[in-house]
Amino acid sequence: MIAGVNIVELDPLDDSVGYGGLPNADGVVQLDSSCMHGPKKRAGAVAALEGVRTPSLVAKAVLENTDHHLLVGKGAQSFARNLDLRLKTI
């Protein structure tokens, strides 16, 4: 369930995922997330996403709103910023 993941993603003290995630070698926090809907055999994912605190919501939107399975980097960031969701951005 995405809502459960959002709790950890929004915790700045948790360095495993989301807002508190550890930066890469260049000092930039890039986040990845994926989700699947088994019965529908659908999946959505984002990778190297910057500036979004809840990448799981973006992955879910990829699943629900596109024919893609994975969006990466600037494409994922642009998609996230254009969503009609109240995404928490950094």
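Counted by Cβ distance under 10 Å from residue 44, the other residues give a net charge of +1, where Lys and Arg count +1 and Asp and Glu count -1. Lys/Arg Cβ at +1, Asp/Glu Cβ at -1, dipole of the chain taken about the Cα centre: which of 63, 4, 76 is farthest positive-ward? With unit charges placed on the Cβ atoms, the residue in question is 63. If R0 is 25 Å, the Cβ-Cβ spacing of residue 10 and residue 40 corresponds to a FRET efficiency of close to 0.40.
Inverting the pair-averaged 1/r between distinct Cα atoms of the chain gives 12.9 Å as its Kirkwood hydrodynamic radius. Loop-located trypsin sites (Lys or Arg not before Pro) across the chain with a Cβ neighbour count of 11 or fewer within 10 Å are 40, 41, 86, with loop assigned by DSSP.
Beyond 14 Å, what share of the Cα-Cα pairs of region 32-77 is found? Please give it as a whole percent. Roughly 37 percent, once rounded to a whole number.
Here r is the Cβ-Cβ distance between residue 64 and residue 25 and R0 is 41 Å; the resulting FRET efficiency, rounded to 0.05, is 0.80.
The antiparallel fraction among DSSP beta bridges confined to the chain stands at about 70%. Applying 1/(1 + (r/R0)^6) with R0 = 35 Å to the Cβ-Cβ distance of residue 1 and residue 74 gives a FRET efficiency near 0.75. Global dimensions of region 1-51 from alpha-carbon coordinates: Rg and Dmax equal 12.5, 40 Å.
Throughout, read-outs are computed from the coordinates displayed, never taken from laboratory work. This one's a predicted model, so the numbers in the text were calculated from it and none came from an experiment. Reconstructed Cβ throughout: ideal geometry from the backbone, glycine too, with neighbour counts over all protein chains shown.
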